[in-house]
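One structure is given below, encoded as structure tokens.
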Amino acid sequence: MVDVLAKANLLSYSYPNQHSNGLSLFPKSFTRSCFMRGFSVKSRSQAFRLSSSLSSDFNGKRVVLREYKGLPGRGNSPKGSIKAQIGLIGKSQKWWEKGLQPNMKEVTSAQDLVDSLLNAGDKLVVVDFFSPGCGGCKALHPKICQLAEMHPDVQFLQVNYEEHKSMCYSLNVHVLPFFRFYRGAHGRLCSFSCTNATIKKFKDALAKHATDRCSLEPTKGLEEKELIALAANKDLSFNFTPKPQPTPVPAEEELPVLVTPHTFSDLPLPLPSTNLKSTQDSKEKPLVVSGR
């Protein structure tokens, strides 16, 4: 009877395993439905009707219906676990995201860079320009993270060159890795490029400019020519309006003092000084002439 039903495509054989005897009482269409998306109410009712109609052909033996759980030996792991593994591989941590400290931040736009510098106040800010494909940047990154941990009062800003290439062009950054130091009203303190072999240059600049200081003037941040260059870049959504320069007030013109030239003939002649007494004495006294 089983062979007849199988030939009529009413029954399908399942692969034998430890939970089945190799025979499934479900139709092939129902088996396919179970394998793809689980039981449906319509297919289940059809299977029960089929089993009840064939109960007399099995001579009163009990028929047990089991859920079809897939083919053995072909991997019964759920698809969700595979997707989870793929998600973990796709979300692997990148080298510039490893070892980051609380005082390290990645810049997202030109406006973010400008605001971060202005909001730092008198705090020293180190802008780190890097590229994911730069070997020197990758080798230097762990030491930069260590220095950031040793100086929690210093703000480190990371600028990804590949994501902000147009902004780096406007800031005249063409060598990587590249660093710029900013602080308070002084604005940019220094800028240089260094590698793992010349890390001493970075340490010396950090020790020199990280000392405590206070300025009463407002924070300067980027230079005005750099802000103008960023605003002129069409690839960036950054607006900047230069501050109007005060027009100098002209000083009151003083009238020149005219001096008329004098000649010697115009000057009064000094009167000669005379001694009246000596004149009288000379008249009264006779002239003495020496004789023999």
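The values are calculated or read from the model by the stated rules, or taken from the named source; none is laboratory data. Note that the structure is a prediction, hence the values are computed from the model and not measured. In this analysis, Cβ positions are derived from the backbone assuming ideal geometry, glycine residues included, and neighbour counts consider all displayed protein chains.
Of the residues making up the range 88-131, those that are in a helix (DSSP H, G or I) and in contact with a Leu (Cβ under 8 Å, 6 or more places away or on another chain) are 110, 113, 114, 116, 117.
Over 14 Å from residue 100 (Cβ atoms), under 19 Å from the mean Cα position of the chain (by Cα) and assigned to a loop (DSSP other than H, G, I, E, B), is that true of residue 159?
No: the conditions fail for residue 159.
Screening the candidates 116, 109, 131, 77 for the property of being out of contact with any His (no Cβ under 6 Å at 6 or more places or on another chain), polar (S, T, N, Q) and at pLDDT below 95 yields one hit, 77.
For the range 214-271, name all the residues that are of a type in the set (Phe, Trp, Tyr) and either at pLDDT below 60 or exposed (fewer than 10 other Cβ atoms within 10 Å of the Cβ) (or both). First the steps, then the outcome.
Restricting attention to the range 214-271, the residues satisfying the condition of being of a type in the set (Phe, Trp, Tyr) are 238, 240, 264.
Across the range 214-271, the qualifying residue is only 264.
Residues that are in contact with an Asp or Glu (Cβ under 7 Å, 6 or more places away or on another chain), surrounded by 15 or more Cβ atoms within 10 Å (Cβ to Cβ), basic (Lys, Arg) and in a strand (DSSP E or B) occur in the range 187-205; there is at least one. Applying a threshold of 7 Å to beta carbon distances and a minimum spacing of six or more residues, or different chains, the list of pairs starting in the range 202-228 at a residue that is without any contact (Cβ under 8 Å) to a residue 40 or more places away in the chain and ending at one that is basic (Lys, Arg) reads 223/188. Please specify each residue of the range 122-144 satisfying the condition of being among the hydrophobic types (A, V, I, L, M, F, W, C), crowded, with 17+ Cβ neighbours inside 10 Å and over 11 Å from the mean Cα position of the chain (by Cα). The answer is 124, 125, 126, 134, 137, 140, 144. Candidates 193, 215, 237: the one that is among the small types (Gly, Ala, Ser) and more than 22 Å from the chain's Cα centre (by Cα) is 215.
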